[in-house]
Amino acid sequence: MLSKKKQKEPIVSEINVIGKNTTIIGDIIAEGDFRVEGNLEGNIKTNGKIVIGASGKIKGKIECSEADIEGLFSGELLASNLLTLKATAIITGNVIISKLAVEPGAEFNATCTMKNAVKELNNGQTKQEKTA
């Protein structure tokens with residue numbers, strides 16, 4: 001007797017690109033990752049990762065799981081995991097993140113709030129981490 005196994009559909013991660021000579025004014029909502037090399041004035045919300053390339057500029061609100069920034073960002077950024085600022089990044093506004101990595105040379109002129117700053121120790125006690 002042959003048994004039929006349910007095959008799961010593979011999870012396909014979309015990668016969306018806003019090109020270097022492209023300007024978008026408006027809001028974007030997506031499930032996949034985004035790479036911005038052009039200009040975006042508006043809000044972008046995704047469960048994926050957002051990369052602002054060296055020529056990319058975003059003015060507005062970003063909600064994502066992770067963000068890598070090489071270009072310019074001005075506004076409010078909410079990243080549920082890691083925010084990485086490359087040496088050429090220029091950030092202004094409000095930032096709410098869990099983890100932050102900054103390369104030397106990056107300009108970080110923002111109010112920063114780090115969520116999940118309490119870690120559980122092995123013996124069940126909690127320890128408050130200091131935030132930047």
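Read the figures in this text as sums done on the coordinates, not as results from a lab. Here the structure is a predicted model, which means the values were calculated and not measured. No Cβ is skipped: glycine too gets one built from the backbone with ideal geometry, and neighbour counts run over all protein chains shown.
Restricting attention to region 15-128, close to 5% of DSSP beta bridges with both partner residues there are antiparallel. The Cα atoms of region 15-128 cover 54, 31, 20 Å along the three principal axes, with the biggest extent listed first. Electrostatic tally near Thr23: other residues with Cβ closer than 15 Å to its Cβ, Lys and Arg +1, Asp and Glu -1, net 0.
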